[in-house]
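Encoded as structure tokens, the structure appears first; notes follow it.
The values are calculated or read from the model by the stated rules, or taken from the named source; none is laboratory data. Note that this is a predicted model, so its numbers are computed, not measured. With ideal geometry, Cβ positions are generated from the backbone for all residues, glycine too; neighbour counts draw on all protein chains shown. Each accessible area value is taken on the protein alone, full model and side chains, heavy atoms only, with ligands, DNA and RNA left out. Shrake-Rupley method; radii C 1.70, N 1.55, O 1.52, S 1.80 Å.
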Amino acid sequence: MFEAFILVCSVYNFMDCRTLKDLQGPYIEIEQCHVRLEEMKIDIESKLPFAVINQKCTDEFLKMST
């Protein structure tokens with residue numbers, strides 16, 4: 001299962017960066033996650049004053065609990 005994350009920074013202040021997590025996933029196949037990342041990028045860049053800096057699909061089973 002894969003989860004989508006995007007790192008964005010404000011176009012007005014590049015010191016203001018945030019990590020956004022997809023709320024529709026997780027996805028069984030990584031291809032589905034990549035499609036969702038593209039959808040998220042379009043939404044973010046068209047509606048918010050943020051620039052996408054990085055994006056990633058992570059395997060939730062590789063996470064370590066703290």
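Output the number of residues of the range 22-43 satisfying the condition of being β-branched (Val, Ile, Thr) and either more than 13 Å from CYS57 (Cα to Cα) or modelled with pLDDT of 95 or more (or both).
Number satisfying all stated conditions: 2.
Can you go through PHE14, PHE61, PHE5 and tell me which one is modelled with pLDDT of 95 or more and either open to solvent by 90 Å² or more (accessible area, probe 1.4 Å) or under 11 Å from the mean Cα position of the chain (by Cα) (or both)? Give the steps one after another, and end with the answer.
Numbers: PHE14 fails: modelled with pLDDT of 95 or more; PHE61 fails: modelled with pLDDT of 95 or more.
The match here is PHE5.
Working only within the range 1-24, note down all residues that are in contact (Cβ under 8 Å) with a residue 24 or more places away in the chain and of a type outside the set (A, V, I, L, M, F, W, C).
Listed by number, the residues that qualify are GLU3, SER10, TYR12, ARG18.
Would you mind telling me which numbered condition in (1) modelled with pLDDT of 90 or more; (2) surrounded by 16 or more Cβ atoms within 10 Å (Cβ to Cβ) THR19 fails?
Every listed condition holds for THR19 apart from (2).
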